[in-house]
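Q: What follows is a structure written as structure tokens; I'll ask about it next.
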Amino acid sequence: MLGLGNSIISSSYQWTPNSVGADLKLWFRNGVGVTAAQWDDSSGNGHHAAQATGGNQATVSEGGLDFEGSSNHHYDLANTGIVVSSQEAFAIFIVCQIESFDSQNSILGTGDANVFLEFQTNRKIRIRAGGNTDSCEYGAGTFATGAKAVFAIQREAGGTGNINLFKNGSLVAPTNGQKDNTGAITFNELASRDSDRFFDGIIHELLCYDTTDLTSGEITNVNNYLKNKHGI
């Protein structure tokens, strides 16, 4: 299965996400260390995603994991997960293919129903932190089902906490105005919020950076790396 995952990916693009440096905190790398029971963290920080209960395990597919939201598929992150302090920047890059919106599609969860990040509908991201819920809306079908895409969700550092979305490398303008959230978040679940609101679809690859704002050039490089690698 791992060999199949590697065989469908181009290896011609030489820049890698490690080139950004210490800000790479989590990397579920396509075709690397992925089984139904665990997806190893290739960032070197040991935040492996593990699920010991067979009924809650996703299926290895195309070098990633195929989650069925109705089957409660989800994973816990080791080493307390990714801790993002208040007003601290983060950027999540996810290559995915959403299959439905039956369960609000949490990306990285927090183990707390009061803090979450999710694809709520085919046009809306919701983030709740610091007691505030922000809904970032975009054009209809931005998160269309059935289409593999690269999404980057960035929160800027500092008191503004602006939330930006990139789709396949292009900045997407929100239709309901710029949203912001500066609250603290601890990401410690993959594909669920608080063992609920499960992701439904294939996660092919996922990376998380935090601590400082990525430059526009770094964001472009990560997006280009993922687009080239996954043929998008």
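The values are calculated or read from the model by the stated rules, or taken from the named source; none is laboratory data. Quantities reported herein were computed from a predicted structural model and do not represent experimental measurements. Heads up, the Cβs are rebuilt from the backbone with ideal geometry, glycines too, and the neighbour counts pull from every protein chain shown.
Q: From the residues in region 42-75 that are charged (D, E, K, R) and at negative phi, which one is modelled with the lowest pLDDT? Break it down into steps so the answer makes sense when it comes.
A: Of the residues in region 42-75, the ones charged (D, E, K, R) are 62, 66, 68.
Filter once more, so that each one left must be at negative phi: 66, 68.
Values: D66: 98, E68: 95.
Going through the qualifying residues, I end up with E68.
Q: Out of the strands (runs of 3 or more DSSP E) lying entirely within region 113-189, which hold 1 or more residues that are hydroxyl-bearing (S, T, Y)?
A: Here the list reads 116-121, 132-137, 170-172, 185-187.
Q: Quick check on my filter: what residues within region 21-39 are surrounded by 17 or more Cβ atoms within 10 Å (Cβ to Cβ) and under 15 Å from I82 (Cβ atoms)? Can you show your working first?
A: Looking only at region 21-39, we keep the residues that are surrounded by 17 or more Cβ atoms within 10 Å (Cβ to Cβ), and these are 23-31, 34, 39.
Of everything in region 21-39, those that are surrounded by 17 or more Cβ atoms within 10 Å (Cβ to Cβ) and under 15 Å from I82 (Cβ atoms) turn out to be D23, L24, K25, L26, W27, F28, W39.
Q: Within the group F151, F143, F187, which residue is of a type in the set (F, W, Y) and either touching a residue at least 60 places away in the same chain (Cβ under 8 Å) or more than 16 Å from F101 (Cβ to Cβ) (or both)?
A: Going through F151, F143, F187 in turn, the sole match is F187.
Q: Tell me which residues, restricted to region 9-65, are in a loop (DSSP other than H, G, I, E, B), of a type in the set (A, V, I, L, M, F, W, C) and more than 17 Å from Y225 (Cβ to Cβ).
A: Within region 9-65, A22, A36, A37, A52, A58 meet the criteria.
Q: In region 202-227, what residues are in a helix (DSSP H, G or I) and either under 17 Å from the mean Cα position of the chain (by Cα) or buried (at least 16 other Cβ atoms within 10 Å of the Cβ) (or both)?
A: Within region 202-227, E218, I219, T220, N221, V222, N223, N224, Y225, L226, K227 qualify.
Q: Something else now. Return yes or no: is G169 touching a strand residue (DSSP E or B) at 6+ places or on another chain (Cβ under 9 Å) and at pLDDT 95 or above?
A: Yes; evaluated as a whole, the condition is true for this residue.
Q: If the requirement is being touching a residue at least 24 places away in the same chain (Cβ under 8 Å), touching a His at 6+ places or on another chain (Cβ under 8 Å) and within 24 Å of H48 (Cβ to Cβ), which of these qualifies: G109, G201?
A: Result: G109 is the single residue among G109, G201 that is touching a residue at least 24 places away in the same chain (Cβ under 8 Å), touching a His at 6+ places or on another chain (Cβ under 8 Å) and within 24 Å of H48 (Cβ to Cβ).
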